[in-house]
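Single-structure report; data block below.
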Amino acid sequence: MITASIISGLGMGSMYALLALGFHITFIVSQTVNFAQGSAMMVGSVLGYTFCITLGIPWVVAAFLTLSLCALYGLAIERFLVRPFHSRGSEAWLLATVAGGLLVDNLVMFTFGKEPRRFLLEGVDHRLELFGTGIGLMQLILPVVVAAIVLALVLVRRFTRLGKVLDATVQNPTAARMMGIHVTRVVALSFAVSTVFAGIAGLLIAPLVSVHSEMGMLFGLKAFAVAILGGISSLNGVVLAGLLFGLVEALIIVYLGSTLSQILTFSLVIAALALRPNGLFGSKKLVKV
């Protein structure tokens, strides 16, 4: 049971980390976050279900279409809910992104329906024997996907022109503009990437949970807690905090039951932040990966 809970916790923690990476990217680039990140995860799950199950489109094609639409969703959030306020020095983008996520949640509820649905894919529900315990295949895939994404982010930032443009924007947006970098496009790209990460999380978690219009809210809150706990400016910190959060949550469920899991995990996050206000791995300054 402990082995199964640890592996399950790493799987869920990887999903939290993937969502939290979206908060990390928009924060380091624009000093803003997208509070519709949980909604974007829900959109990924619902679109994946619609394309793959309802319309019968092959999974690979369905995933491509889903992530493309998630990217457009991120661009729309940045253009209409963040940029008009942030460009004028207003903090109203906080409420605007929350309201935008709620709007999309309700649109999905009226079109997709409120009833939870199972996203069953052939082979995904297959269980493997590991250390004498049956483990779901998707629980093993999630950490591998997150590790691959983190590695890709590090390689892009260190060895590509796009990475240099991103670093210049992060370090000094004004100087970046003077050097001919279109900072507005970089910010828009960061929002698109953040919602693509949320869409990937939605596609991967959908076979493990029920797909419905309200599924993203709690996941989004947990992911934001993970981002703050890890130090939102630290990529490594956000990922480690996500894994830690998932492990602690899984162990609490095993030993104390699911009823207390939300209370205790969020209480532990609050206690940790009381001791380290900048996060377990964060600092007052932006951390360069």
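The values are calculated or read from the model by the stated rules, or taken from the named source; none is laboratory data. Here the structure is a predicted model, which is why all the values come from computation and not from measurement. Cβ: placed from backbone, ideal geometry, glycine included. Neighbour counts: every protein chain shown. Surface accessibility is based on the protein's heavy atoms, side chains included, excluding ligands, DNA and RNA. Shrake-Rupley method; radii C 1.70, N 1.55, O 1.52, S 1.80 Å.
Residues that are crowded, with 21+ Cβ neighbours inside 10 Å and either acidic (Asp, Glu) or touching a Phe, Trp or Tyr at 6+ places or on another chain (Cβ under 6 Å) (or both): find the helices (runs of 4 or more DSSP H) completely inside segment 184-287 holding 2 or more of those.
215-230, 235-256
Could we say that residue 94 is without any contact (Cβ under 8 Å) to a residue 40 or more places away in the chain and farther than 19 Å from residue 109 by Cβ here?
no
Does segment 225-249 hold any residues that are over 9 Å from residue 24 (Cβ atoms), touching a residue at least 60 places away in the same chain (Cβ under 8 Å) and among the small types (Gly, Ala, Ser), and which are they?
241, 242, 246 - these are the residues of segment 225-249 that are over 9 Å from residue 24 (Cβ atoms), touching a residue at least 60 places away in the same chain (Cβ under 8 Å) and among the small types (Gly, Ala, Ser).
Restricting the search to segment 45-73, which residues are aliphatic (A, V, I, L, M), closer than 23 Å to residue 220 by Cα and open to solvent by 70 Å² or more (accessible area, probe 1.4 Å)?
69, 72
Anything in segment 81-95 that is surrounded by fewer than 14 Cβ atoms within 10 Å (Cβ to Cβ) and closer than 23 Å to residue 214 by Cα? List them, or say none.
95
I need the helices (runs of 4 or more DSSP H) fully contained in segment 1-117, keeping only those with at least 2 residues that are touching a Lys or Arg at 6+ places or on another chain (Cβ under 9 Å).
Output list reads 2-30, 37-49.
For segment 96-148, give me the residue count where each residue is open to solvent by 90 Å² or more (accessible area, probe 1.4 Å) and either modelled with pLDDT of 90 or more or not charged (D, E, K, R) (or both).
The total comes to 8.
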